[in-house]
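Reading through the structure tokens given below for one structure.
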Amino acid sequence: MEALSTSRVAVPVQVPCRKLSSLFANLSCLELRRYPCGGRVSIMNHHPKLLRPVTASLQPQELSSALGHEGNVVPSKEIIDLWRNVEAVCFDVDSTVCVDEGIDELAEFCGAGKAVAEWTARAMGGSVPFEEALAARLSLFKPSLSKVEEFLEKRPPRLSPGIEELVEKLRANNIDVYLISGGFRQMINPVASILGIPRENIFANNLLFGNSGEFLGFDENEPTSRSGGKAKAVQQIRKVRLYKTMAMIGDGATDLEARKPGGADLFICYAGVQLREAVAAKADWLVFKFESLINSLESKPL
């Protein structure tokens, strides 16, 4: 995989100096990056060598969007304190833990990439029920078991920069880590193995196949197969494990839904891959690099 060179974009913006300097400090000199989609994971029993994630330069419109969200790019003391005291963190996978939308990449591999990507954008923006979008996307290419296995074998994973360090830091601080995804277990199990996350800490969908490997659909009993499912998964985790404080980190509307009574206390919008305006505007904290979260944990007072 060839890495693109990273460059900074100078864009004139009319922002008061005090606010601008505060924002720039939190964005680490505006080293904001986007990571192109290309969902890649290998078969769960394999341990492929990870490739360096591809980075691209920040676009002017993205800079403007970041400045427009200064209120939650620079978190309050209360938000920082919540983050430092979480007992469990739940991560979305596509466009968060990984730089890709897995179903889009599988569809592209099967020849239906463009049509499926359009549905994914609508689902992540919250404009259609998740279960409707999931069924519609799968119906466009109906992946067979052999095709899924071929895809998993040929496409190595691409983890978001800093996610391995963040998960390692959380675990070192005795903070439990979960993966909660509208994606498929077949594609998420290998990522969990790389990050050292136990299988019982994965909440995701499951593709179903017939005796001959033909596509049958997906398991509708999984909570993450429908709108509000991530919230229910977080609530279930909290009820069973009796966590006092939990955080949800993701990029989409379904991740935002997890912040509700009995669910996540804190929603952190990760926009290092995709900046979804409607979601970012309602986040407790908007970050473009996992380094911001790592640094906050490292500066935790004793």
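The values are calculated or read from the model by the stated rules, or taken from the named source; none is laboratory data. Keep in mind that what you see is a predicted model, and the values were worked out from it rather than measured. Backbone-built Cβ (ideal geometry, glycine too); neighbour counts: all protein chains shown. To get the accessible areas, we keep the full protein, side chains included, count just its heavy atoms, and leave off ligands, DNA and RNA. Shrake-Rupley method; radii C 1.70, N 1.55, O 1.52, S 1.80 Å.
Residue check: Glu165 meets all listed conditions (1) of a type in the set (D, E, K, R); (2) over 15 Å from Cys98 (Cα atoms); (3) open to solvent by 60 Å² or more (accessible area, probe 1.4 Å) but one, namely (2).
Could you list, in sequence order, all residues of segment 197-213 that are open to solvent by 80 Å² or more (accessible area, probe 1.4 Å) and more than 29 Å from Arg241 (Cβ to Cβ)?
Asn211, Ser212
Within segment 92-130, being of a type in the set (Val, Ile, Thr) and within 18 Å of Val279 (Cβ to Cβ) holds for Val93, Thr96, Val97, Val99, Thr120, Val128.
Note on segment 169-195: among residues that are without any contact (Cβ under 8 Å) to a residue 60 or more places away in the chain and under 17 Å from the mean Cα position of the chain (by Cα), the one that is surrounded by the most Cβ atoms within 10 Å (Cβ to Cβ) is Ala192.
Scanning segment 85-120 for residues that are open to solvent by 20 Å² or more (accessible area, probe 1.4 Å), touching a strand residue (DSSP E or B) at 6+ places or on another chain (Cβ under 8 Å) and not in a loop (DSSP other than H, G, I, E, B) turns up just one, Asp94. Remark: Arg155 matches the filter, which requires a residue to be more than 25 Å from Glu220 (Cβ to Cβ), buried (at least 20 other Cβ atoms within 10 Å of the Cβ) and of a type in the set (D, E, K, R). A Cβ distance below 7 Å, combined with a sequence gap of six or more or placement on separate chains, defines the contacts here; from segment 208-237, residues that are under 24 Å from Ala88 (Cβ atoms) and among the acidic types (Asp, Glu) reach residues that are open to solvent by less than 60 Å² (accessible area, probe 1.4 Å) and in a loop (DSSP other than H, G, I, E, B) in the pairs Glu222/Asn206. In this structure, is Ser160 under 15 Å from Val89 (Cβ atoms) and touching a residue at least 40 places away in the same chain (Cβ under 8 Å)? Against the criterion (under 15 Å from Val89 (Cβ atoms) and touching a residue at least 40 places away in the same chain (Cβ under 8 Å)), Ser160 qualifies. Residues in segment 125-145 that are in a helix (DSSP H, G or I) and open to solvent by less than 50 Å² (accessible area, probe 1.4 Å): 8 in all.
How many residues does segment 228-249 contain that are open to solvent by 50 Å² or more (accessible area, probe 1.4 Å) and closer than 21 Å to Glu131 by Cα? Working first, answer last.
Our first condition is that a residue be open to solvent by 50 Å² or more (accessible area, probe 1.4 Å); within segment 228-249, this holds for 232, 235-236, 239-242, 244.
Filter once more, so that each one left must be closer than 21 Å to Glu131 by Cα: 232, 235-236.
Qualifying residue count, segment 228-249: 3.
Could we say that Gly210 is over 21 Å from Asp251 (Cα atoms) and of a type outside the set (Lys, Arg) here? Judged against the criteria, Gly210 is a match. Among residues belonging to segment 258-302 that are of a type in the set (Ser, Thr, Tyr) and touching a helix residue (DSSP H, G or I) at 6+ places or on another chain (Cβ under 8 Å), point out the one that is surrounded by the fewest Cβ atoms within 10 Å (Cβ to Cβ). Out of the qualifying residues, it is Ser296. Of all the residues in segment 257-281, those that are within 11 Å of the chain's Cα centre (by Cα) and among the aromatic types (Phe, Trp, Tyr) number 1.
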